[in-house]
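Here's the structure we're looking at; comments come further down.
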Amino acid sequence: MKYLTLVAACAIAFTTASTASAQNATPTSIMPLGDSLTQADPGYRAPLFNKLTEAGFNVKFVGPKPANPKIPGSTAHAGFGGYTIGPGPSKADAWSGGKGNLFVNIDGWLKIQPDIVLLLIGTNEYFNIGTMQPGYKPDSEGPARLGALLDKIHAVSPKSTILVSSIMPVQWSKTFARGFNAAIPGVIVSRPYAAFVDLNASTKFAVGDWSNDKLHPSDQGYGKMADGWFEALKPVLSAHR
């Protein structure tokens, strides 16, 4: 499939950009970036980190939010509950000082200059915008915002390889975000620094994979997400060895 070819291409580019780092045994820095599905602690991050280290990869997770020492397996990250892609107003502005989206914050967060960004964003386009941006249609307009966000990430941190996930499923609808997800490969194809990771399809969520709200994953669901990210990261990190 096309997105697997893109992952391989990113792996080649990443190898060239990070050869010196690998020779010095410097850990590959990975920034988990997104909304509450990334913020969840330990969420998918702990099982993913464990799988990577058990496979022999020298990695560290980075982000503006440090690991929580009270939660086993917690790692640094850039997950912010309720955030949208941006720009533009959202309900998350109420608890973020008017900056409830990734677009307006990304410059500061990327001062870390991560080697790899794991981007999972888009769910809140359907819940936290609504009348705040009258007429906004996530399925048709969201992908363009995603593209603009990718361009900004690349401009601020040009060495970063960006792995972009599809929007995860919800338990109450089989068609949630279908239009948005179908458009992501088209967004990615013209951006050689990014690759598509179809977690929505590869994780095959079923009953038991969601928490009681039927939106956020259960521990079992986060484990499946970790498996999906791991498979996507292997060709990139193997090239970095």
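Of all residue pairs spaced 6 or more apart or on separate chains, those with beta-carbon atoms under 7 Å, a first member in region 213-241 that is β-branched (Val, Ile, Thr) and a second member that is in a helix (DSSP H, G or I) and crowded, with 18+ Cβ neighbours inside 10 Å are 236/7; 236/10; 236/11; 236/14. Among the residues of region 123-137, count how many are in contact with a Lys or Arg (Cβ under 9 Å, 6 or more places away or on another chain) and either assigned to a helix (DSSP H, G or I) or touching a residue at least 40 places away in the same chain (Cβ under 8 Å) (or both). Residues flagged as in contact with a Lys or Arg (Cβ under 9 Å, 6 or more places away or on another chain) and either assigned to a helix (DSSP H, G or I) or touching a residue at least 40 places away in the same chain (Cβ under 8 Å) (or both) within region 123-137 amount to 6. For region 153-184, the tally of residues that are small (Gly, Ala, Ser) and outside any loop (DSSP other than H, G, I, E, B) stands at 6.
For region 102-113, a residue qualifies if it is over 13 Å from the mean Cα position of the chain (by Cα) and either free of Cβ contacts under 8 Å to residues at least 24 places away in the same chain or part of a loop (DSSP other than H, G, I, E, B) (or both), and the qualifying residues are 103, 104, 105, 111, 113.
The set of residues in region 72-83 being in a loop (DSSP other than H, G, I, E, B) and modelled with pLDDT of 95 or more consists of 74, 75, 76, 80, 81, 82, 83. Please work out which one of (1) hydroxyl-bearing (Ser, Thr, Tyr); (2) surrounded by fewer than 18 Cβ atoms within 10 Å (Cβ to Cβ); (3) closer than 22 Å to residue 44 by Cα is the condition residue 190 fails and give its number. The number of the failed condition is (3).
Scanning region 49-71 for residues that are part of a helix (DSSP H, G or I) and under 20 Å from residue 160 (Cα atoms) yields 49, 52.
In summary, residue 118 fulfils each of the numbered conditions (1) modelled with pLDDT of 95 or more; (2) within 19 Å of residue 176 (Cβ to Cβ) with the single exception of condition (2).
Of all residues in region 164-193, count the ones that are among the charged types (D, E, K, R) and within 20 Å of residue 228 (Cα to Cα). Please lay out each step first, then the result.
First pass over region 164-193, keeping only residues among the charged types (D, E, K, R): 174, 178, 191.
Those still in the list that are within 20 Å of residue 228 (Cα to Cα) too: 174, 178.
Residues flagged as among the charged types (D, E, K, R) and within 20 Å of residue 228 (Cα to Cα) within region 164-193 amount to 2.
For residue 99, the requirement of being touching a strand residue (DSSP E or B) at 6+ places or on another chain (Cβ under 6 Å), at pLDDT 95 or above, among the charged types (D, E, K, R) and closer than 25 Å to residue 160 by Cα is not met. Please verify whether residue 205 is surrounded by 15 or more Cβ atoms within 10 Å (Cβ to Cβ) and assigned to a loop (DSSP other than H, G, I, E, B), treating the condition exactly as stated. Considered against the rule, which asks whether it is surrounded by 15 or more Cβ atoms within 10 Å (Cβ to Cβ) and assigned to a loop (DSSP other than H, G, I, E, B), residue 205 comes out as yes.
Beta carbons closer than 8 Å, at least 6 apart along the sequence or on distinct chains, pair a first residue in region 146-165 that is closer than 17 Å to residue 108 by Cβ with a second that is among the acidic types (Asp, Glu) and surrounded by 15 or more Cβ atoms within 10 Å (Cβ to Cβ) for 160/115.
So is residue 83 crowded, with 21+ Cβ neighbours inside 10 Å and either at negative phi or in contact with a helix residue (DSSP H, G or I) (Cβ under 7 Å, 6 or more places away or on another chain) (or both) or not? Answer is yes for this residue. Filtering region 174-193 for residues that are in contact with a Lys or Arg (Cβ under 8 Å, 6 or more places away or on another chain), at positive phi and not acidic (Asp, Glu) leaves an empty set. Only residues that are in a helix (DSSP H, G or I) and surrounded by 24 or more Cβ atoms within 10 Å (Cβ to Cβ) were counted across region 25-48, and they come to 4.
For region 192-212, a tally of residues being under 20 Å from residue 180 (Cβ atoms), in contact (Cβ under 8 Å) with a residue 40 or more places away in the chain and within 16 Å of the chain's Cα centre (by Cα) returns 6.
In region 154-178, the residue that is farthest from the chain's Cα centre (by Cα) out of those that are β-branched (Val, Ile, Thr) and within 15 Å of residue 196 (Cβ to Cβ) is 161.
The values are calculated or read from the model by the stated rules, or taken from the named source; none is laboratory data. Every value quoted in this text rests on a predicted model; they were computed, and no experiment measured them. All Cβ positions, glycine included, derive from the backbone under ideal geometry; neighbour counts span all protein chains shown.
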